[in-house]
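The values are calculated or read from the model by the stated rules, or taken from the named source; none is laboratory data. The shown structure was predicted, so the numbers you read here are calculated from the model rather than taken from an experiment. Quick reminder, even Gly has a Cβ in these numbers, built from the backbone with ideal geometry, and neighbours come from all protein chains shown.
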Amino acid sequence: MTCCLMVYAGLEHQIRTTLVEKNCYFPSMKYKPEQRPTARWVFQCFEGIAVIYLPDKTALVANLETRNQTIIDCLGEKYQKIYS
C-alpha cells in the first residue's frame, strides 16, 4: 500500500510541477482551468481511453481528448509514445 501511495504522490507531483513550468491548465471537475489537479481526478479522466489493435498489428488509441493530451505532454516522451 505504501508503494502505491508513493507512486500516486510522485505522479501527482510530476503533473503539477510540469503544468506550472509549461504554463498549462487542466480542467477541474467543475471545468475550471487549474494547475493543481489531484491524481484521482486525472485517473478518472483517463477511464474511457482504449487501445485497439487492428489485424495488421497497428495500435489505435480511442476516446483521447484534449485534456488527456495535456497530461500526456506533461508526463514526457515515454507516455507520448504509448498514446500516439
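Below, the figures for the structure above:
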quantity: Pairs, first at pLDDT 90 or above in the range 41-59, second assigned to a helix (DSSP H, G or I) and aliphatic (A, V, I, L, M), C-beta under 7 Å, six or more apart; calculated: VAL42/ILE15; VAL42/ILE71
quantity: Near pairs, Cβ below 8 angstrom, 6+ apart or cross-chain, from the range 67-84 (closer than 16 Å to GLU21 by Cα and touching a residue at least 40 places away in the same chain (Cβ under 8 Å)) to any residue that is outside any helix (DSSP H, G or I) and aromatic (Phe, Trp, Tyr); calculated: THR70/TYR25; THR70/PHE26; ILE71/PHE26; ILE71/PHE46
quantity: Matching residues, the range 5-26, being among the hydroxyl-bearing types (Ser, Thr, Tyr) and part of a helix (DSSP H, G or I); calculated: TYR8, THR17, THR18
quantity: Filter result for THR66 (exposed (fewer than 13 other Cβ atoms within 10 Å of the Cβ), farther than 18 Å from GLY10 by Cα and more than 13 Å from the chain's Cα centre (by Cα)); calculated: no
quantity: Matching residues, the range 27-63, being of a type in the set (A, V, I, L, M, F, W, C), over 11 Å from the mean Cα position of the chain (by Cα) and not in a loop (DSSP other than H, G, I, E, B); calculated: ALA50, VAL51, ILE52, ALA59, LEU60, VAL61, ALA62
quantity: All positions within the range 34-55 that are of a type outside the set (Ser, Thr, Tyr), in contact with a strand residue (DSSP E or B) (Cβ under 7 Å, 6 or more places away or on another chain) and surrounded by fewer than 13 Cβ atoms within 10 Å (Cβ to Cβ); calculated: ALA50, VAL51, ILE52, LEU54
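Let's see how each residue does on (1) touching an Asp or Glu at 6+ places or on another chain (Cβ under 6 Å); (2) surrounded by fewer than 15 Cβ atoms within 10 Å (Cβ to Cβ):
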{"residue": "ARG16", "(1), (2)": "no, no"}
{"residue": "SER28", "(1), (2)": "yes, yes"}
{"residue": "LYS57", "(1), (2)": "no, yes"}
{"residue": "GLU77", "(1), (2)": "no, yes"}
{"residue": "GLN80", "(1), (2)": "no, yes"}
